[in-house]
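To start, the structure under review is shown below, and the notes come after it.
The values are calculated or read from the model by the stated rules, or taken from the named source; none is laboratory data. In this text the structure is predicted, and so the values were computed from the model without any measurement. Positions of Cβ are backbone-derived with ideal geometry, glycine not excepted, and every protein chain shown enters the neighbour counts. What goes into the accessible areas is simple: the full protein's heavy atoms, side chains included, and nothing from ligands, DNA or RNA. Shrake-Rupley method; radii C 1.70, N 1.55, O 1.52, S 1.80 Å.
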Amino acid sequence: SGGPLPEGLVCTVGDDEGKLKQTVEINTSGSQGLFLQDIFGSLKMKSCDEKSCLFPLTYTYTLRNIGSTPMEITEVERTRSDSTKDLLALLPDVTLEEDAFVSVNEEDLFDICEEEGGEVTTLSVEADPPEGLPCFDEFSYVIPPSADPGCRVRVDITCEDEEGTDCTKIESPPLQCNDGEEIESISFTFVGGSCEESKNTQDDDECLDFNGGPLFEESRFVCVNANLIKIFDDTVRVGMQFTIPSTTGVSLTDNIMCDVLNVEDGIKRQFLKIDTSGQKALYLRDVYGSVQLESCDDRSCIVTVDYTYMLENVGSNDMEITELLRERGSITGTTSEDLINLVQDTTLAVGETTEAKESEVVDICIDLEVITNVRVEADPPSGAPCFDIEEYVIQPDPKECRVFVDITCVDEDNTNCDDIPPPPSFQCDDNLDAVTFTYLGGKCSQSFNSQKNNCEDFNGGPLISSSVQCRDIDGTILSQSVVTLDEAITVKSSSGPLPKILSCVISDSGDGTVLQSLQIDTTELSLIDTYGSLRLESCDEKSCIVPITYTYTIENIGSNPMDVTELVRVRGISTEDLIGLVDDTSLDAGEETFAQETEELDVCAKDSFLTTVRVEADPPSGIPCFDDESYEIKINPLSTSPPTEPPTEPPTEPPTEPPTEPPTEPPTEPPTEPPTEPPTEPPTEPPTEPPT
């Protein structure tokens with residue numbers, strides 16, 4: 001009802017009463033010979049697709065009154081072979097006036113394959129006039145026998161790969177090589193291109209041309225792995241495939257590096273570096289300068305197949321095979337060749353068979369038919385030669401799924417996150433209008449600032465979540481909120497600048513139990529100073545916290561549609577699937593989509609922030625593909641530390657009691673003499689800069 005026939009047919013033959021008389025099985029897969037006129041029990045093969053023994057014919061019978069009186073047609077009988085049929089009822093009119101005529105058509109199938117050949121059709125007509133005796137006529141139409149069927153040759157094509165799989169059933173491999181495992185071997189085809197002709201998805205691939213590039217028919221490749229161990233050294237020609245490493249027991253490691261040298265003078269023409277760790281994007285058919293990737297481990301686009309051409313004498317005379325012309329069209333063009341020299345035996349008696357074999361390399365990663373046509377011709381001892389034509393089509397179905405993900409990051413001013421500078425100074429100005437703290441949940445012993453220690457813990461100190469209230473000296477509430485770890489608290493005055501002293505109380509958000517009290521001098525503040533459970537993040541326009549936006553762009557760079565199924569982002573200890581943020585998860589070839597998320601960047605931290613995403617997509621073939629990308633933000637530290645910034649590491653044991661009198665001002669210059677009782681051995685010379 002639609003599509004090709006199944007690989008096998010089962011036909012049952014029964015009588016008028018439905019009693020089974022015969023069962024016939026016929027192989028229609030193409031893997032076995034199937035010819036017109038083949039007999040399967042009570043059935044004879046008469047057609048297969050466009051090839052047919054049966055030709056539709058149309059007979060036209062014309063009856064004319066050639067007498068001088070009207071007549072009535074009374075009998076019209078057609079005889080053909082052993083069949084007789086009355087056609088009188090088919091006439092549109094049986095009464096004919098003088099010289100009038102009437103015609104009738106009949107459809108029939110003519111079998112040109114039967115050896116007897118020819119066909120005779122006879123029409124007998126009788127008519128009655130108004131008076132007198134009836135009259136009649138008879139005419140025969142002869143189809144002569146076809147040409148001498150004594151010479152009949154048939155050709156059939158089979159094709160298998162090295163594992164015995166029918167070529168029409170060879171599965172194309174997934175194109176993605178990087179599956180997280182280290183790649184052991186890869187194969188390339190030398191295409192002789194320059195670095196400008198590279199076409200791949202490795203962000204950090206390296207290709208450099210020298211002296212015009214490798215624009216020669218052959219070049220010498222010298223390749224090493226990441227440990228600088230030589231893994232390949234040979235001369236290859238354009239179109240030639242080669243495998244790295246060339247010897248066993250040598251690892252590709254994380255990458256391979258190749259110098260492409262001119263064979264004649266040894267001058268370097270190209271340098272290649274390709275990531276083979278299995279972690280970076282690596283696809284079959286990728287082009288890196290002068291080479292194209294053909295295989296990785298057991299995944300390969302190039303398959304060697306064996307064609308077999310089976311020749312059979314299906315006539316009634318001996319014959320001599322005189323020609324076996326093969327024509328094949330593929331991506332590289334169409335080639336023709338007479339394979340008569342490959343035929344095992346060119347002289348065939350009636351019913352004998354012979355064959356010819358040839359091997360061919362087929363690219364199964366390209367969605368393009370490989371069509372093979374053969375024409376066999378044979379000569380009988382006498383009479384005209386005969387021939388047969390057969391076609392075999394390999395239709396690769398590449399399972400191409402190629403997805404690409406890229407990360408960009410900008411702040412509210414569209415500045416790249418890599419270029420966001422820290423504040424020019426950590427020291428806050430006087431007369432502040434607003435300050436922002438991050439709730440850390442720390443105890444007073446974890447304070448880290450240059451002010452006197454006006455911090456006191458109660459009832460075990462702050463919790464994971466607490467209520468934070470800050471007031472001025474008159475008791476006016478400036479800020480009150482319930483926060484958990486790493487959440488922000490902004491304190492500002494409704495009129496004028498903030499008071500000199502902020503009084504903040506941290507309490508249990510459930511029962512109101514006081515957990516910590518703080519006194520903070522707003523005239524002596526520095527960014528990232530810590531006051532018990534609070535860390536200063538911003539003061540007016542000076543801020544450590546910068547809102548940033550990550551954009552993850554996902555592109556379908558393959559040739560098939562795909563559905564994006566996963567977008568996993570890892571940042572620090574946080575892992576999250578952002579598939580719900582993807583704008584459109586269904587992508588046709590060449591289309592792209594995106595997802596965005598906002599974060600806050602601490603530009604005062606002397607640290608780097610690494611974001612990694614992994615995107616996964618499914619094509620119609622069901623074999624998924626993926627890509628990974630990373631984005632690292634490195635904070636540029638200040639050239640000098642702010643005057644009030646404390647040492648990098650606090651003392652291991654905090655003092656039991658805070659000093660009764662804090663220093664009026666922090667020293668602007670380092671001490672010229674080391675302290676009398678230093679906690680560690682002091683330097684013999686004073687440091688040139690204050691501690692960082």
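Data overview
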| quantity | calculated |
| --- | --- |
| Sequence-distant residues sharing a close amide H with Asn449 (under 5 Å, placed H) | Thr530 |
| Per-residue HN-Hα couplings for segment 508-515 [Karplus 6.51, -1.76, 1.60; θ = phi - 60°; Hz; x = Gly/Pro] | 5, 5, x, 10, x, 4, 6, 10 |
| Qualifying chymotrypsin sites (Phe, Trp or Tyr not before Pro) for segment 282-373 [loop in DSSP, other Cβ within 10 Å: at most 14] | none |
| Alpha-carbon Rg with Dmax, taken over segment 344-472, Å | 42.8, 122 |
| Efficiency of FRET between Asp418 and Gln480 - r from beta-carbon atoms, R0 41 angstrom, step 0.05 | 0.60 |
| Isolated Cys residues of the chain, judged by Cβ distance under 4.7 Å to other cysteines | Cys11, Cys48, Cys135 |
| Accessible area in square angstrom per residue, segment 69-192, 1.4 angstrom probe | 58 |
| Peptide ranges 294-305, 250-261 listed from the most packed, as the mean C-beta count within 10 angstrom indicates | 250-261, 294-305 |
| Percent of C-alpha pairs per 10 Å bin, the chain, short to long | 2, 10, 12, 12, 11, 11, 10, 8, 6, 6, 5, 3, 2, 1, 0, 0 |
| Pairwise label distance in nanometres, Glu541 with Glu355, each label 7 Å out on the Cα-Cβ vector | 8.7 |
| Table column - 3J(HN,Hα) (Hz), segment 13-18, Karplus curve with 6.51, -1.76, 1.60, x for Gly and Pro | 10, x, 8, 5, 8, x |
| Violating pairs (Cα-Cα greater than 27 angstrom) within the set Lys21/Lys85; Lys51/Lys169; Lys46/Lys357 | Lys21/Lys85; Lys46/Lys357 |
| Gain on full stretching of the segment that runs from Asp298 to Glu217 - 0.36 nm per residue minus C-alpha separation | 26.3 nm |
| Difference of contour (0.36 nm per residue) and Cα-Cα distance, Tyr141 to Phe594 | 155.4 nm |
| Under 17 Å from the Cα of Lys443 - aspartates and glutamates, other chains or at least 8 residues apart | Glu456, Asp457, Asp486, Glu487, Asp508, Asp529, Glu649, Glu653, Glu657 |
| Of the chymotrypsin sites (Phe, Trp or Tyr not before Pro) in segment 344-433, those whose Cβ has at most 16 other Cβ within 10 Å and which sit in DSSP loop | none |
| Local electrostatic count, Arg402, Cβ distance below 12 Å [Lys/Arg +1, Asp/Glu -1] | -1 |
| Sparse-neighbour loop sites [GluC sites (Glu not before Pro); segment 57-112; at most 16 other C-beta within 10 Å; DSSP] | Glu97, Glu98 |
| Proportion of all alpha-carbon pairs of segment 416-518 beyond 19 Å (%) | 50 |
| Accessible carbon and sulfur surface of the chain relative to its total accessible area, %, 1.4 Å | 49 |
| Interchain or long-range residues, amide H under 5 Å from Lys46's placed H | Gln37 |
| Computed E for Asp234/Asp584 - FRET, C-beta separation, R0 41 angstrom, nearest 0.05 | 0.30 |
| Two-site FRET efficiency, Ser81 against Glu369, from Cβ-Cβ distance with R₀ of 41 Å, rounded to 0.05 | 0.40 |
| Virtual spin-label span in nm between Glu327 and Ser465, 7 Å along Cα→Cβ | 7.9 |
| Fraction of antiparallel bridges per DSSP, segment 28-139 only, in percent to nearest 5 | 100 |
| Computed accessible area, Glu599, all protein chains, 1.4 angstrom probe, square angstrom | 60 |
| Karplus (6.51, -1.76, 1.60) ³J(HN,Hα), θ = phi - 60°, over segment 494-502, in Hz, Gly and Pro reported as x | 6, 8, x, x, 5, x, 5, 10, 9 |
| Cross-link pairs beyond the 30 Å C-alpha cut-off, checked among Lys500/Lys542; Lys199/Lys399; Lys230/Lys280; Lys230/Lys634 | Lys230/Lys634 |
| Thr308-Gln344 pseudo-label distance in nm [points 7 Å out on the Cα-to-Cβ vector] | 0.9 |
| For segment 32-83, the fraction of alpha-carbon pairs in successive 10 Å shells from zero, as % | 15, 29, 22, 15, 13, 6, 1 |
| Under 5 Å, built H, 5+ apart or other chain: amide partners of Cys177 | Leu282, Tyr283, Leu284 |
